[in-house]
Amino acid sequence: MSEQTSRAVRIHAHGGPEQLVVDTVSVGEPGPGQLRIRHHAIGLNFIDVYQRTGLYPNTMPLALGMEGAGVVEAVGEGVTHLKAGDRAAYAANPPGSYCDVRVMPAMNVCKLPDVIDFETGAAMMLKGLTAQYLLKRARPVEGLEAGDFVLFHAAAGGVGLIACQWAKALGLQLIGTAGSDEKCALALEHGASHAINYRTEDFAARVKDITNGQGVKVVYDSVGKDTFEKSLDCLRPFGLMASFGNASGPVAPFAPAVLAKGSLYVTRQTLFTHITSRERTQAMADDLFAVVEAGQVKIRIDQRFALTDVQAAHKSLEARATTGCTVLLP
């Protein structure tokens, strides 16, 4: 079969959104353990920004994008869970989903249930699997039970709105923070028990009020530098600080002695540690598909950009001008 070409958004140097360029690349046949997928929709995530700016450095040129959904065109030797013609979605390394068609490892690509459309599939995999491991796997030492309080920063973002709904389905009392009254209202609409506008309120003081001075069992924090220190003050004894992003910049080094105020735990999580096998990826995806199919979690897509408008998409994300999920359309 003759080699085909694809548009692919790449960077040739780290920097701002202006570094994002649409190149034409060759796409060959899948090798062992690989597949070729033609995208119908592509997910946009903060990790894409971290890779573009060099916070997470990579070799150049770098094709961006960790998430997509489309139709499998061909599979390589040893791939048995998917076949040509299957609808599929993924969150996976290596990056490269900002394109029409690509060859990639098949391990993290999952068959997409027929009732879930491509845009939803592309928008939900990285953020939904992140919410899954946070609520189900990154748990405090004393566990999480119905009725427990948790604090979730950026609750109106892509991961946040999924987590609000999923936490409610699990019976948890999620306290969400966001940067505007509108975003707080959105978090409440999606199942948060309480919402705090961190621009107008001291979130640590409010958390203490809401929990009658007890604090929360776990803080889920993708904001980083701006929220880390105060988040530790929100934890009850033996509480867990689960950091999973750096939207405001990386957390500054700190002395372990600061954790002594409550015998606290700190963890820095990444999705990709959780999806290192086909079985685990599928189990997590099945859990996500089940809550979406049951209507317990609705995937909200508030922004759509053409693949060629990727610079504008990145600008919106970095300006925190987005809510819910954003997709690029080839």
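All but one of (1) free of Cβ contacts under 8 Å to residues at least 24 places away in the same chain; (2) closer than 30 Å to ALA156 by Cα; (3) not polar (S, T, N, Q) hold for ALA88, so report the exception by its number.
Unmet for ALA88, out of (1) free of Cβ contacts under 8 Å to residues at least 24 places away in the same chain; (2) closer than 30 Å to ALA156 by Cα; (3) not polar (S, T, N, Q): (1).
Conditions tested, residue by residue: (1) free of Cβ contacts under 8 Å to residues at least 60 places away in the same chain; (2) farther than 23 Å from LEU44 by Cα; (3) buried (at least 16 other Cβ atoms within 10 Å of the Cβ).
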| position | (1), (2), (3) |
| --- | --- |
| LYS225 | yes, no, no |
| PHE238 | no, yes, no |
| MET241 | yes, yes, yes |
| THR276 | yes, no, no |
| ASP286 | yes, no, no |
| GLU318 | no, no, yes |
| THR322 | no, no, yes |
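Starting from residues that are touching a residue at least 24 places away in the same chain (Cβ under 8 Å) and either in contact with a Lys or Arg (Cβ under 7 Å, 6 or more places away or on another chain) or part of a loop (DSSP other than H, G, I, E, B) (or both), keep the ones in the range 203-217 and report whichever is surrounded by the fewest Cβ atoms within 10 Å (Cβ to Cβ).
The qualifying residue surrounded by the fewest Cβ atoms within 10 Å (Cβ to Cβ) is GLN214.
Of all residues in the range 250-278, which are in contact with a strand residue (DSSP E or B) (Cβ under 7 Å, 6 or more places away or on another chain) and either of a type outside the set (Lys, Arg) or farther than 19 Å from VAL223 by Cα (or both)?
If the condition is that a residue be in contact with a strand residue (DSSP E or B) (Cβ under 7 Å, 6 or more places away or on another chain) and either of a type outside the set (Lys, Arg) or farther than 19 Å from VAL223 by Cα (or both), then VAL251, LEU259, GLY262, SER263, LEU264, TYR265, VAL266, THR267, GLN269, LEU271 are the ones that fit.
Test THR276 against the stated conditions and say whether it is part of a loop (DSSP other than H, G, I, E, B) and either among the aromatic types (Phe, Trp, Tyr) or closer than 15 Å to ALA123 by Cα (or both).
It is false that THR276 is part of a loop (DSSP other than H, G, I, E, B) and either among the aromatic types (Phe, Trp, Tyr) or closer than 15 Å to ALA123 by Cα (or both).
(1) closer than 22 Å to CYS164 by Cβ; (2) touching a strand residue (DSSP E or B) at 6+ places or on another chain (Cβ under 9 Å); (3) of a type in the set (D, E, K, R); (4) in the same structural domain as LEU20 (by TED's automatic domain parsing): which one isn't true of ARG236, the others all being true?
It fails just one condition, (4).
Being in contact (Cβ under 8 Å) with a residue 60 or more places away in the chain, among the aromatic types (Phe, Trp, Tyr) and over 22 Å from ARG304 (Cβ atoms) narrows it down to one of TYR56, TYR98, TYR50, so name that one.
Going through TYR56, TYR98, TYR50 in turn, the sole match is TYR50.
Restricting the first residue to the range 118-133 and requiring it to be more than 12 Å from VAL297 (Cα to Cα), which pairs with a second residue that is surrounded by fewer than 24 Cβ atoms within 10 Å (Cβ to Cβ) and among the aromatic types (Phe, Trp, Tyr) meet a Cβ separation below 9 Å and a spacing of at least six or different chains?
Correct list of pairs: THR130/PHE244; TYR133/PHE244.
Taking ALA313 and the conditions (1) out of contact with any strand residue (DSSP E or B) (no Cβ under 7 Å at 6 or more places or on another chain); (2) closer than 25 Å to VAL223 by Cβ; (3) part of a helix (DSSP H, G or I), which numbered condition does it fall short on, given that it satisfies the others?
Unmet condition: (1).
Do the conditions hold for GLN296, that is, is it at pLDDT 95 or above, surrounded by fewer than 22 Cβ atoms within 10 Å (Cβ to Cβ), farther than 20 Å from PHE118 by Cβ and over 16 Å from the mean Cα position of the chain (by Cα)?
Judged against the criteria, GLN296 is a match.
Quick check on ILE175: is it in contact with a helix residue (DSSP H, G or I) (Cβ under 7 Å, 6 or more places away or on another chain), closer than 30 Å to LEU62 by Cβ and either in the same structural domain as LEU20 (by TED's automatic domain parsing) or not basic (Lys, Arg) (or both)?
In short, no.
The values are calculated or read from the model by the stated rules, or taken from the named source; none is laboratory data. Please read all numbers here as calculations on a predicted model, not as lab measurements. Every residue, glycine as well, gets a Cβ built from its backbone with ideal geometry; the counts of neighbours run over all protein chains shown.
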